[in-house]
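*Asks:* This is the structure I want to talk about, given as structure tokens.
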Amino acid sequence: MSAWTWSYHDYDPRQERLREALCTVGNGYFATRGAAPEAAADETHYPGTYLAGGYDRLQSEVQGRVVENEDLVNLPNWLVLRLRIEDGDWFGLDSVELLSYRQALDLRDGILIREVCFRDAAGRETRLIQRRLVHMGLSHLASLETELTAYNWSGSVEVVSALDGRVTNDGVERYRGLDAQHLEPLDSRAVEDDGIFLQMRTRQSRLAVAQAARTRAYRADRRLEIEPSLDREPDYIAQRFRLQLDRERPVVIEKLVALYTSRDAAISECGLEARTAIARGQRFGELLESHALIWRHLWRRFDLELCLRDDDDGRAASILRLHLFHLLVTASPNTMDLDVGVPARGLHGEAYRGHIFWDELFIFPLLNLRLPEITRSLLMYRYRRLGEARAAAREEGLRGALYPWQSGSNGREETQQLHLNPRSGHWTPDETRLQRHVNSAIAYNIWQYYESTGDTEFLSFYGAEMLLEIARMWASLATRNQALDRYEIRGVIGPDEFHTGYTDRKEPGLDNHAYTSLTAAWTLCRALDLPDHLPRERWAELIEQLGISDDELAHWDAVSRKLRICFHGDGIISQFAGFDDLQELDWDGYRRRYEDIQRLDRILEAEGDSPNHYKATKQADVLMLFYLFSAEELGRLFARLGYAFEPEQIPRTVDYYGARTSHGSTLSRVVDAWVLARSDRPRSWSLFTQALESDVADIQGGTTAEGIHLGAMAGTVDLIQRCYTGIEVRDRHLWINPDLPEELKGLRTRLRFRGQTIELDISHELVRVRAVSPETEAIRLHVGGDLISLESGETLEIKLARKPLFVDAP
């Protein structure tokens, strides 16, 4: 590990799948796991290549029921490069004696490097150095460079370079037993003298995927003449050839690959484009130069320079860069031209089937203040599926738009109907589709993007329409309780997910769920605010187009003032109606009986019990309110609803749920670290460092190997970027109110706010702000309680004083 390198210096088969996920390289269009080129899918390795938006649906029979699941498809393996010295065994790390080993992800240049020195059964010592990239600029290209050096021998090496379409979606153990054969062959053949071509198609979505590969060999930059033979099957194509190696004279093998699909823009036919691309393609070194340049440009926008306490070993900064790297592997400038969302597990594996959840709530703030054009594109994914959301609302007897908890290709609900508990082996009903709060997350993301950019065009023609239809859904879902003179939202599930219903009620769902109801009220308020942010003519058009009457707007206003929130104890916000009536869990007893209780729901189900009986949360979703809203904004929201709420209730609520949370979600520690940042900085930092380790240490015991947790990765960076700096975007102003933990002595970074790039240098004593972008309007900043107008090119320094708890704290 170093500031710009994530590396491993041993080979550990037990860790290989985890490392493959963490060493994924990609460019937002497609990504490839860090599997070895010679590896095939088995218990140790899992090669995988995934296309943004590359989904397919298949039906399977489970417990006598036919279920249909949509998956992000594992595409043909383009990496395949197999080596055999003379007539010995095919090279593999398990079949040779390793003299040295290193695998390193070069974060600065965006390449994966593997260096292996080995001795085979015949005593021959060889060095292998491989570098791979998925090009950040030429988004359809990937390349693998392999350098071979014979140390104590000379002789021949047999090489097989292949495109392998005999792959399935088999990367998640609990999905096994379901149909996973998504691809069918269309074409395989040779291309010119040094190329091969494979074209496959997904079975249901009929997405054609074309790959072409060109393999060449060089010694001292002189191209070697090779005479490949062809191994050809309908779903597999390979070149086989021999090279002569002389002692200590390296030979380099370069494999260039192009990937196109039938849905790409500006193409004639995807197979033709792939074959043309490899014919025109450059050598690895030239590709690396242009690829690394774009990565340097991205790091200029995204990097954070941390000054940590003297005993820090640099691990935190290194992991934060790794997290930023994987965000850009999944959502990059290439994403701007695609109709895709952000999969919760990135383009790194098959967990959650590659679906889009609410995790973008934790991802977009990072993009909004760095490269908001990516956010705009990802919000357009939601806009294009507004029609499907309207249809879903109608099916539920609601007005407006009801977005799904899990989304894939066309925006229908993709949440599975049954869930396998790997601990018990039981299939149980999956009720998580009732997480209606995803709609408020979309509304929140729209508003935060607009506040950060001032993009009135987006708000006028896309964002406002979504906001209005989501508000209409919430007003339609709320029912009037005449006795209480309150509106209630019933039959929903929150981010907690452990609690899915009441034990005395057959139907799933919870009533008056605090996070759901408060964010619904906030959404209604923002919809009612739209006339102040849109051109008058456009507001009139939207009202007419959507058929929104004055009476309906009045109803929205009434609901936003009368939604029911439950409290218990000393002003504690109840997670939902009846939460305080549940039993207390014997936390110490379960910790003694089980090594890991993060997934307490699975433990209880295996015991014939249910979390619905207990005050035990997977993640304390009440605390999400303090994550999203400042104390000031939350106070205004409660006041509008007619509830007394004092800042002192926040730490009491935080402590109450903190003692009743298993942290079964990787997002849980991010949220808890955030809400403790002003009241208990040492504990906040401890939770932050735990959240940092979520994926690199695989703290959930095997889940990262199935795909990284992108929301948690982005959330840890955002804790540094916005939480500890007190940065908040609100009321068209940028608020900066730092309260750095003792472990964080200072930080430097660049942010972009409403078209202006600003450089920030923040310490415990001082905030230094410089406006970089020329010829832009002044921006309004609130720094340490002072309102400042910052002109283009101007630099300001503000000395800080310690603030009392929860004053303007995000």
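*Asks:* Relative to the longest principal axis of the C-alpha atoms of the chain, give the angle of the C-alpha long axis of helix 666-675, reported between 0 and 90° and rounded to the nearest 10°.
*Replies:* Value to nearest ten degrees: 40.
*Asks:* Placing unit charges on C-beta atoms (Lys and Arg positive, Asp and Glu negative, everything else neutral), compute the dipole magnitude of the chain about its Cα centre in debye, rounded to 20.
*Replies:* Once rounded to the nearest 20, the dipole reads 680 debye.
*Asks:* Right, next: Just need log10 I(q)/I(0) for the range 253-294 at q = 0.15, 0.27 Å⁻¹, Debye formula, equal scatterers on the alpha-carbon atoms, no solvent, rounded to two decimals.
*Replies:* Debye intensities relative to I(0), on a log10 scale: -0.44, -0.93.
*Asks:* For the chain, what does the helix formula give at 222 nm: sum of -39500 (n - 2.57) over DSSP H segments with n ≥ 4, over the residue count, nearest 500 deg cm²/dmol?
*Replies:* After summing the helix terms and dividing by the residues of the chain, the value is -8500 deg cm²/dmol.
*Asks:* Between Asp193 and Asp42, what is 0.36 nm times their sequence separation minus the Cα-Cα distance? Round to one decimal in nm.
*Replies:* Extra length from Asp193 to Asp42 when fully extended: 51.1 nm.
*Asks:* Along the charge dipole of the chain, pointing to its positive end and built from +1/-1 on Cβ of Lys, Arg, Asp and Glu, which listed residue (Gly571, Thr276, Tyr594) has its Cα farthest out?
*Replies:* So the residue we want is Thr276.
*Asks:* Kirkwood hydrodynamic radius (Cα pairs, Å) of the range 710-750?
*Replies:* 11.1
*Asks:* Need the full-extension length gain, Glu395 to Glu541, defined as separation in residues times 0.36 nm minus the C-alpha distance. One decimal, nm.
*Replies:* 49.9 nm
*Asks:* Straight-line reach from Lys799: which lysines fall under 25 Å, measuring Cα to Cα and dropping same-chain residues less than 8 apart?
*Replies:* Lys745
*Asks:* Quote the FRET efficiency, to the nearest 0.05, computed for Asp313 versus Glu765 with a Förster distance R0 of 22 Å and r equal to the Cβ-Cβ distance.
*Replies:* Efficiency for this residue pair is about 0.30.
*Asks:* Please give the net charge around Pro495, taking every other residue with its beta carbon less than 12 angstrom from that of Pro495, where Lys and Arg add +1 and Asp and Glu add -1.
*Replies:* Taking every other residue near Pro495 into account, the sum is -2.
*Asks:* Rounded to two decimals, what is the ratio between the C-alpha radius of gyration of the range 1-145 and 2.2 N^0.38 Å?
*Replies:* Compactness ratio reported: 1.21.
*Asks:* Which of the peptides 58-66, 603-611, 139-147, 347-355 is most tightly packed, and how do the rest follow, judged by the mean count of other Cβ atoms within 10 Å per residue?
*Replies:* Those peptides, ordered most packed to least, come out 347-355, 139-147, 603-611, 58-66.
*Asks:* Please compute the modelled spin-label separation between Arg108 and Arg748, points set 7 Å along Cα→Cβ, answer in nm with one decimal.
*Replies:* 1.5
*Asks:* Which percent of the accessible area of the range 53-198 is formed by carbon and sulfur heavy atoms (probe 1.4 angstrom)?
*Replies:* Heavy-atom surface of the range 53-198 belonging to carbon and sulfur, 1.4 Å probe: 39 percent.
*Asks:* Could you work out how far helix 284-302 tilts from the main Cα principal axis of the chain, as a 0 to 90 degree angle to the nearest 10?
*Replies:* Approximately 20 degrees, to the nearest ten.
*Asks:* Would you mind classifying the chain by shape? Square roots of the alpha carbon gyration tensor eigenvalues, ordered a ≥ b ≥ c; an a/c under 1.5 is rounded, otherwise it is prolate if a/b is larger than b/c and oblate if not.
*Replies:* prolate
*Asks:* Between Thr456 and Arg219, what is the spin-label point distance in nm, taking each point 7 Å from the Cα along the Cα→C-beta axis?
*Replies:* It works out to 6.9 nm between the two label points.
*Asks:* Note the direction-averaged projected area, equal to a quarter of the hull surface, for the Cα convex hull of the range 1-49, in nm².
*Replies:* 4.0
*Asks:* Hey, another quick one. Rounded, prolate or oblate: which one fits the range 129-178, using the alpha carbon gyration tensor with axes a ≥ b ≥ c (rounded when a/c is under 1.5, else prolate when a/b beats b/c, else oblate)?
*Replies:* oblate
*Asks:* Alpha carbons only, please: Rg and Dmax for the range 617-705, in angstrom.
*Replies:* Considering the range 617-705 through its Cα atoms, Rg and Dmax are 14.4, 48 Å.
*Asks:* What are the semi-axes of the equivalent ellipsoid of the range 172-233, taken as the square roots of 5 times the eigenvalues of the Cα gyration tensor, listed largest first and rounded to whole Å?
*Replies:* Those come to 34, 15, 10 Å.
*Asks:* Now for a different question. Please list log₁₀ I(q)/I(0) at q = 0.21, 0.22 Å⁻¹ for the range 81-193, using the Debye equation with identical point scatterers on the alpha-carbon positions.
*Replies:* These q points yield log10 I(q)/I(0) values of -1.18, -1.20.
*Asks:* Okay, moving on. Relative contact order of the range 317-383, please, whole-number percent, based on alpha carbon pairs below 8 angstrom and at least 6 residues apart.
*Replies:* Once normalised by length, the contact order is 37 percent.
*Asks:* What is the local net charge at Ala714, summed over the other residues whose Cβ is closer than 15 Å to its Cβ (Lys, Arg +1; Asp, Glu -1)?
*Replies:* Net charge in that neighbourhood comes out at +1.
*Asks:* Could you work out the local net charge near Pro185, counting Lys and Arg as +1, Asp and Glu as -1, over the other residues with Cβ closer than 13 Å to its Cβ?
*Replies:* Charge balance in the 13 Å sphere: 0.
*Asks:* Apply the a/c threshold of 1.5 to the C-alpha gyration tensor of the range 512-668 and tell me whether it is rounded, prolate or oblate.
*Replies:* The shape class here is prolate.
*Asks:* Over the chain, average the accessible area per residue using a 1.4 Å probe and give it in Å², no decimals.
*Replies:* Per-residue value: 37 Å².
*Asks:* Rounded to whole Å and ordered largest first, report the semi-axes of the equivalent ellipsoid of the range 681-810 derived from its Cα gyration tensor (root of 5λ).
*Replies:* In descending order the semi-axes read 30, 18, 12 Å.
*Asks:* As I understand it, the value is the acute angle between the Cα axis of helix 386-395 and the longest principal axis of the Cα atoms of the chain; what does it come to in degrees, rounded to 10?
*Replies:* Once rounded, the angle reads 60 degrees.
*Asks:* Based on the inverse mean of 1/r over its pairs of different Cα atoms, what is the Kirkwood hydrodynamic radius of the range 509-591, in Å?
*Replies:* The answer is 15.7 Å.
*Asks:* Here is a further query. Which distance in Å, rounded to a whole number, links the C-alpha centroids of the range 497-518 and the range 681-699?
*Replies:* Using only Cα atoms to place each centre, the spacing works out to 30 Å.
*Asks:* Next up: Given the convex hull over the Cα atoms of the range 220-264, what projected area results after averaging over all orientations, in nm²?
*Replies:* If you wrap the Cα atoms of the range 220-264 in a convex hull and average its projections, you get 5.2 nm².
*Asks:* Quick check: the distance between the Cα centres of the range 438-496 and the range 524-561, to the nearest angstrom?
*Replies:* The distance from the Cα centre of the range 438-496 to that of the range 524-561 comes to 12 Å.
*Asks:* Still on this structure, I have one more. Could you list log10 I(q)/I(0) for the range 445-519 at q = 0.14, 0.16, 0.23 Å⁻¹, which the Debye formula gives when each Cα is one point scatterer?
*Replies:* -0.63, -0.75, -1.04
*Asks:* For the range 134-261, how big is the tail of P(r) above 27 Å, as a whole percent of Cα pairs?
*Replies:* Value for the range 134-261 (Cα pairs over 27 Å): 32 percent.
The values are calculated or read from the model by the stated rules, or taken from the named source; none is laboratory data. In this text the structure is predicted, and so the values were computed from the model without any measurement. In this analysis, Cβ positions are derived from the backbone assuming ideal geometry, glycine residues included, and neighbour counts consider all displayed protein chains. Note: accessible area is taken over every heavy atom of the protein model, side chains too, but ligands, DNA and RNA are not part of it. Shrake-Rupley method; radii C 1.70, N 1.55, O 1.52, S 1.80 Å.
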